[in-house]
């Protein structure tokens with residue numbers, strides 16, 4: 001049995017943290033580092049395997065949360081990984097002495113609040129801060145010295161094994177088969193995702209006599225307005241779908257319309273693993289994930305989005321798309337696999353090398 005070397009803390013297990021906590025556990029197992037994962041809140045649904053839940057309902061009571069964490073900790077870790085600032089604050093309030101602490105920023109604006117900048121100067125001299133993409137890392141560098149880059153990872157083998165083929169995925173989504181080119185929009189229907197741009201881009205494509213349709217996989221406060229906007233278009237609203245990445249092969253293309261606040265782009269990575277091309281805009285997170293395998297529009301305008309979709313469709317007809325998808329899978333394996341995360345974590349745990357390979 002390996003010694004508990006790492007304490008991993010998250011405020012909750014809401015998406016995408018359930019997956020993130022599991023991938024960190026797998027990566028740390030590769031470097032033979034025992035890990036204890038504590039989630040401050042209660043399970044959202046089924047508990048994440050290997051996690052313990054403190055069941056705290058008011059995380060604003062930082063001292064009480066710190067005391068609860070200290071009481072529940074089983075081992076004496078050498079490394080603490082805190083996902084989001086709240087987890088880091090609770091660890092600090094616990095009074096636990098951990099030699100190495102890494103606070104991971106999963107969004108932009110980690111030090112936007114003045115109180116956090118002040119706390120950083122007072123308490124964070126021995127803390128490593130990390131961003132999930134180079135853009136977040138660069139933002140952190142304006143406040144702290146030498147921030148790290150710790151991209152999210154994906155269990156690529158598991159994703160591929162659990163993915164449904166096109167016909168099965170369409171059937172499970174209760175969507176009829178069609179010869180129409182199927183564009184997918186996946187995620188919360190909220191303002192920062194700009195889902196209305198997907199509908200307007202579809203309108204432009206239909207005006208160009210393109211045989212296309214849109215599947216919207218996700219739910220949120222904008223759904224009613226979007227349904228009204230799409231009333232005269234071939235748009236299917238599938239609602240919230242658990243484990244939506246299992247159904248990505250129902251799509252000919254995944255479209256991302258997020259604003260520039262998108263720090264990473266997990267759904268883009270899931271599409272890469274599923275062999276689905278991705279069209280994205282000028283958002284640094286998804287561009288980092290996709291690299292040269294993605295298709296891009298420069299301005300967040302319906303006509304330019306439609307142009308990028310047409311480019312991706314033509315690439316499928318010419319054979320270029322197959323090369324891009326191969327490159328996407330190679331990039332996912334190299335940069336965002338469990339093995340890649342293990343390599344980044346190994347120096348922090350004191351491990352000399354990755355001792356085991358899941359592939």
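The values are calculated or read from the model by the stated rules, or taken from the named source; none is laboratory data. This structure is a prediction, so every number in the text was calculated from the model and none was measured. Cβ coordinates were reconstructed from backbone atoms using ideal geometry, including for glycine residues, and neighbour counts include every protein chain displayed.
Assorted remarks:
- Test result for residue 169, surrounded by 14 or more Cβ atoms within 10 Å (Cβ to Cβ), more than 16 Å from residue 110 (Cα to Cα) and in contact with a strand residue (DSSP E or B) (Cβ under 7 Å, 6 or more places away or on another chain): no
- Complete set of residues in the range 173-193 that are crowded, with 20+ Cβ neighbours inside 10 Å and in a loop (DSSP other than H, G, I, E, B): 187, 189
- Any hit, the range 284-293, residues being modelled with pLDDT under 95, assigned by TED's automatic domain parsing to the domain that holds residue 168, over 30 Å from residue 167 (Cβ atoms) and touching a strand residue (DSSP E or B) at 6+ places or on another chain (Cβ under 9 Å): no
- Scanning the range 22-32 for residues that are in contact (Cβ under 8 Å) with a residue 60 or more places away in the chain and assigned to a helix (DSSP H, G or I) yields 22, 23, 24, 26, 27, 28, 29, 30.
- Residue match in the range 29-36 (condition: surrounded by fewer than 19 Cβ atoms within 10 Å (Cβ to Cβ), within 25 Å of residue 347 (Cα to Cα) and touching a helix residue (DSSP H, G or I) at 6+ places or on another chain (Cβ under 7 Å)): no
- One residue alone among 141, 145 is within 23 Å of the chain's Cα centre (by Cα), farther than 26 Å from residue 308 by Cβ and in the same structural domain as residue 16 (by TED's automatic domain parsing), and that residue is 141.
- Hits in the range 48-66 (condition: in contact with a helix residue (DSSP H, G or I) (Cβ under 7 Å, 6 or more places away or on another chain) and more than 15 Å from residue 25 (Cα to Cα)): 54, 56, 59, 62, 63, 65, 66
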